[in-house]
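The values are calculated or read from the model by the stated rules, or taken from the named source; none is laboratory data. Please read all numbers here as calculations on a predicted model, not as lab measurements. With ideal geometry, Cβ positions are generated from the backbone for all residues, glycine too; neighbour counts draw on all protein chains shown. Heavy atoms of the whole protein, side chains included, go into the accessibility calculation; ligands, DNA and RNA do not. Shrake-Rupley method; radii C 1.70, N 1.55, O 1.52, S 1.80 Å.
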Amino acid sequence: MSVLVARKKKKPKVVRRWERLPGRNTFCCDGRIMMARQKGIFYLTLFLILGTCALFFAFECRYLAVQLSPAIPVFAAVLFLFAMATLLRTSFSDPGVIPRALPDEAAFIEMEIEATNGTVPQGQRPPPRIKNFQINNQIVKLKYCYTCKIFRPPRASHCSICDNCVERFDHHCPWVGNCVGKRNYRYFYLFILSLSLLTIYIFTFNIVYVALSESACGKLGCDCLPGPCSLTALTVLEVLICFFTLWSVVGLTGFHTFLVALNQTTNEDIKGSWTGKNRVQNPYSHGNIVKNCCEVLCGPLPPSVLDRRGILQQEETTAQEETCTRGSSAPEPAAAQGPGGQEEESSAQQDGSLPHPSAVPVPSLSNAEMPEEKQLTTGELPAPSQDAGQAEH
């Protein structure tokens, strides 16, 4: 009887890590696809690309292949497939999300910060939670994220839409439905570059098609060539879509080409991290356009540190549930609040934080980025003979 009862017991349900990950993301295909929850504009992007290309291949390409060259639809198909592949690769991949600290790790970091800063008198603001790193003779500040409970690595930032810290954060792009960071920036750049070429290509040959069809109708009469004349209205629609898309996409491609040449991110450009009042040189730039482009577009791609499809044990499941609960309900300290009681953050981001480096892997910078990296201040507990009130930068 006991054997039958044991057989009737259900096997414990396998829980994968993506099912318990905090943040505002959606997952498909058992965690293989990762996107933001707001996907409406992404579907609009697909509709515009697929609709415009479908009209071009269905009507203009057949006429142009006969009148001019059969290579016209072939080259258009190559650009279309490349643009769609890079779009889906950008939208469905992990942009470089940094895991949040578990409760034990967050408590250790809090204890470390308190021991370093000492006791703060009541009514006074505690010192900012930052650490200073030296990269290529430039001081770079590592900010503490109050949401993720971690010290963010250099160039990382917290996305207020996805509610995650992203390594080498560039921006959140609603057109691709995902953040753009270290792991998918090259695919994003290739997408907008190929989309610009595709838009220019379709726009140019639509104009050629209209000119040829009008010339043919004028010489032979509309009854002789019913196809081109009857489809001119659809061609005009394609021309209008391409015309308005052209300015934004080509302008965006030019802007990101400028950023790639300087080895700079959109977030750093908006904040003026290396220009303007700071007048600090970019420590990540090699001073050479070719080297910067090779590092950003051809450098090694780091693996994802989330392990989305890994199986969670019971203890890890409980710890991650506690992390999600604390992150959503715990009040912020006074240092993280502004005059209105809200958390201070940059104009583009919401503040967040890092796990203890010994427990959660933090993606390290490449040798090209940090050849002379040296931490100026450490997070070790001060010795009893040292001043307990010495602040850590």
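Checking each residue in region 56-74 for being in contact with a helix residue (DSSP H, G or I) (Cβ under 7 Å, 6 or more places away or on another chain) and over 17 Å from Glu238 (Cα atoms) picks out Ala65, Gln67. Determine the pairs where a residue that is closer than 21 Å to Leu102 by Cα, located within region 291-309, has a partner that is open to solvent by 70 Å² or more (accessible area, probe 1.4 Å) and at pLDDT below 90 with Cβ atoms under 8 Å apart, the partner being 6 or more residues away or on another chain. Listed pairs, sorted by first residue: Val305/Pro361; Arg308/Arg32; Arg309/Arg32.
Condition check for Gln38 on (1) on the phi > 0 side of the Ramachandran plot; (2) out of contact with any Asp or Glu (no Cβ under 9 Å at 6 or more places or on another chain): one failure, at (1).
Every test in (1) at pLDDT 90 or above; (2) not in a helix (DSSP H, G or I) is passed by Gly31 save one, and that test is (1). Scanning region 158-175 for residues that are touching a His at 6+ places or on another chain (Cβ under 7 Å) and within 22 Å of Leu252 (Cα to Cα) gives Cys159, Ile161.
Can you pull out every residue in region 40-55 that is closer than 18 Å to Thr235 by Cβ and not small (Gly, Ala, Ser)? Passing the criteria: Leu48, Ile49, Leu50, Thr52, Cys53, Leu55. Quick one: His172 ticks every box in (1) at pLDDT 90 or above; (2) open to solvent by less than 20 Å² (accessible area, probe 1.4 Å) except a single one, so which number is it? Only one criterion is unmet by His172, namely (2).
Is there any pair linking a residue in region 13-33 that is without any contact (Cβ under 8 Å) to a residue 24 or more places away in the chain to one that is open to solvent by 40 Å² or more (accessible area, probe 1.4 Å) and in a loop (DSSP other than H, G, I, E, B), with Cβ under 6 Å and at least six apart or on different chains, and which? From residues that are without any contact (Cβ under 8 Å) to a residue 24 or more places away in the chain, the pairs are Thr26/Arg37. Answer yes if at least one residue in region 269-280 is assigned to a loop (DSSP other than H, G, I, E, B), at pLDDT below 85 and open to solvent by less than 40 Å² (accessible area, probe 1.4 Å), and no otherwise. Yes, some residue in region 269-280 is assigned to a loop (DSSP other than H, G, I, E, B), at pLDDT below 85 and open to solvent by less than 40 Å² (accessible area, probe 1.4 Å).
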